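**Q** I have a structure I would like to understand better, so I am pasting it below and will then ask my questions one at a time.
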Amino acid sequence: MSIEPLRSTSGESGMRKSCLHGQDNSLSANFTMKASMFFKKNLLKSIAAITALMAANAGFAADDKLIDSVYGEYAKGVKVQMLRAGVTSNWDKAWFVSNGTQLSGYWDASIGGWDGKSYRNVPGQHQKLWDLGFTPVFRFENTNKLGFYAEAGIGVHMLSKLYDNDDNRLSTHFQFGDHIGVGYVFNNKWEVAAKIQHFSNGGYKKPNSGVNYMNVKVAYHF
């Protein structure tokens with residue numbers, strides 16, 4: 001009777017341990033990525049919700065006028081430009097009133113046209129789309145609403161097409177639009193301003209590379 005030699009299982013055991021360790025690392029990395037996306041998505045939603053609630057508490061208009069100003073904007077980004085027109089309605093609330101300054105704000109409703117210059121990363125190929133926006137904006141200004149001011153806002157936008165221009169892609173029609181800006185309101189009711197604006201969906205669907213604009217604005221107050 002022949003006796004077969006015992007086979008060593010140490011190599012197989014080591015391979016199993018290595019595979020299990022690799023799976024653990026992959027699961028951990030996947031969990032970390034999903035947790036990060038969940039956090040960013042809900043953080044941006046929370047900021048937008050808090051901003052909207054504070055703005056709603058401010059009231060719809062500061063007086064009997066529904067519209068307090070009209071404006072036009074020109075904005076430029078990486079191989080894309082935008083023209084926008086809008087109307088604003090001032091709030092009837094003010095915070096931190098001191099030494100002739102205050103924190104107040106307004107509602108902003110707008111429509112804009114985007115013109116991408118490199119559709120699907122093809123130079124010279126244009127992508128044109130429409131953008132409807134609604135934004136509550138906080139403004140630090142003089143109590144008479146004249147002179148220099150600084151502002152910031154975050155609102156919602158609906159794009160008519162999925163943006164795919166140069167190396168930037170947005171996978172949803174719905175976008176958040178946030179901006180910061182500075183400006184000046186003249187005694188004759190004209191206003192000029194400069195803003196930096198960013199569009200993204202908050203990371204809840206990929207791709208979401210975001211789109212950045214530099215904006216110049218001219219407005220007239222009634």
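**Q** Could you tell me which of the pairs 145/217; 79/217; 65/128 are separated by over 24 angstrom between their Cα atoms in the structure shown?
**A** Among 145/217; 79/217; 65/128, the Cα-Cα distance tops 24 Å for 65/128.
**Q** Could you rank 120, 169 by how accessible they are, 1.4 Å probe, largest area first?
**A** Order by accessible area, largest first: 120, 169.
**Q** Continuing with the same structure: Sort segment 78-222 into rounded, prolate or oblate with this rule: let a ≥ b ≥ c be the square roots of the eigenvalues of the Cα gyration tensor; rounded if a/c is under 1.5, and if a/c is not under 1.5, prolate when a/b is larger than b/c, oblate otherwise.
**A** Taking the square roots of the gyration eigenvalues as a ≥ b ≥ c, segment 78-222 is prolate.
**Q** Rounded to whole Hz and in sequence order, give me ³J(HN,Hα) for segment 89-100 from the Karplus expression 6.51 cos²θ - 1.76 cosθ + 1.60, θ = phi - 60°, writing x for Gly and Pro.
**A** Couplings: 9, 6, 7, 9, 10, 9, 10, 6, 6, 6, 6, x Hz.
**Q** Regarding segment 65-113, what whole-number volume in Å³ per residue does the convex hull of its Cα atoms give?
**A** 107
**Q** Roughly how many nanometres apart are two label points built 7 Å out from the Cα toward the Cβ at residue 206 and residue 152?
**A** 2.9
**Q** So for the pair residue 194, residue 182, with labels modelled 7 Å out along Cα→Cβ, what separation do we get in nm?
**A** With each label point 7 Å from Cα toward Cβ, the separation is 0.8 nm.
**Q** Non-local amide H neighbours of residue 143 (under 5 Å, H modeled in plane, Pro and chain starts lacking H): which ones?
**A** Distant-sequence amide H within range of residue 143: 101, 102.
**Q** Show the residues, 5+ positions off or on another chain, whose built amide H is closer than 5 Å to the amide H of residue 174.
**A** Under 5 Å from the amide H of residue 174: 159.
The values are calculated or read from the model by the stated rules, or taken from the named source; none is laboratory data. Keep in mind that what you see is a predicted model, and the values were worked out from it rather than measured. Note that each Cβ is placed from the backbone with ideal geometry, even for glycine, and that neighbours are counted across all protein chains shown. Protein only, heavy atoms only, side chains kept; ligands, DNA and RNA dropped before computing areas. Shrake-Rupley method; radii C 1.70, N 1.55, O 1.52, S 1.80 Å.
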